[in-house]
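The values are calculated or read from the model by the stated rules, or taken from the named source; none is laboratory data. This structure is a prediction, so every number in the text was calculated from the model and none was measured. Note that we place each Cβ from the backbone using ideal geometry, even for glycine, and neighbour counts take in every protein chain shown.
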Amino acid sequence: MAAAATAGQPSAHDRVQKSALFNAPGRPRPLARRLAIHNLVVRTIRRFFEDRSFHEIPVTAMADHPARTQLDGMVLNGFPNVWCESELLPGRGRREPRHLRGFKLMEASGLGLSLDDLTDLQEDLLKAVALNLGADLLGGRDVTRLDRILQVSHPRIKYRQALEILASRGCSLPFGEELPAEAEATLSRFCGNLPFMVTHLPASLDDGLALADPEDESATLSSTYILPYSGITMKGRVRAGDPSIAGFSLGLGNLLQYLMGLESVMDTLIDPMDRISRLMTPPTTGGSAAADGDDR
């Protein structure tokens, strides 16, 4: 029989339990850990916008029109920098009874920002979030990975340049096509597995709101921020109008997926509504609610 653990020293079981909190990418963390990371990230984003003198604007919950309409309206009403939390509806909209909470969008708009100003703002926001996360929440390996992105500027590649890079690696795409996940992965490797931006997207991929690039009328003053393994996490554009307004949206789920090194954005959810319903409904058989599994 194995000797009992020395007083004051963790047992083998305790060491396994602790190491499980910092497992390899692809393993969701316990519920309490996901909640702590989610709340810290949201607080950091809120503080970032406050420090940059952005006004938080309440937007209509589950609005049929995008939140940017309300944000742009507030900018035109005299608030030069505004932001809000909105919500990404599931595919079936309000008809989806088991709507998954946590897929938030953080959206911002500002007056007088160029595309370079906008991409700088997005990079500063990502770095502010990464800087505020420690090994006590993420684990040493993920913190080391995030430390690396703090030390360098994140690559910015024009869409046409991205197509040339892909073609040189055997992946030819016609101008105007969306970049598939395989293309994003190829570009990520080209950029050293750093977060990177693809800018000056073709006009065919925009809904007509972005300004045209004065040097290339087939391209727009827009960008996507792609994070390794989690894909497009931020979208930005300088919007047409008089005056022009720049803005971007950030998908909180994708950001959390990247920060925690998870394979699926679904693993970032705190709790889907169907799971909550099961926990709140008394079992009708001899089984217990715990039979459904609890990752807390």
Discussion item. Restricting to the range 221-237, name every residue that is closer than 15 Å to Glu107 by Cβ and of a type outside the set (S, T, N, Q).
Written reply: Tyr225, Ile232, Met234, Lys235, Gly236, Arg237
Worksheet, complete the sentence: Filter the range 126-142 for residues that are crowded, with 18+ Cβ neighbours inside 10 Å and over 21 Å from Phe196 (Cβ atoms); the one that is farthest from the chain's Cα centre (by Cα) is Gly139
Discussion item. Can you pull out every residue in the range 190-221 that is within 17 Å of Asp120 (Cβ to Cβ), touching a Phe, Trp or Tyr at 6+ places or on another chain (Cβ under 9 Å) and not aromatic (Phe, Trp, Tyr)?
Written reply: Pro195, Met197, Val198, Thr199, His200
Worksheet item: Can you pull out the residues in the range 240-259 that are surrounded by fewer than 19 Cβ atoms within 10 Å (Cβ to Cβ) and not polar (S, T, N, Q)?
Response: Ala240, Gly241, Asp242, Pro243
Worksheet item: Looking at the range 102-202, what helices (runs of 4 or more DSSP H) fall wholly within it and have at least 2 residues that are closer than 18 Å to Gly231 by Cα?
Response: 115-131, 140-150, 159-168, 181-190
Item to complete: State whether the residues of the range 153-176 include one that is at pLDDT below 95, surrounded by fewer than 18 Cβ atoms within 10 Å (Cβ to Cβ) and in contact with a strand residue (DSSP E or B) (Cβ under 9 Å, 6 or more places away or on another chain).
Response: yes
Fill in: Elements of type helices (runs of 4 or more DSSP H) contained in the range 1-85, each with 2 or more residues being closer than 23 Å to Met266 by Cβ and at pLDDT 95 or above
31-51
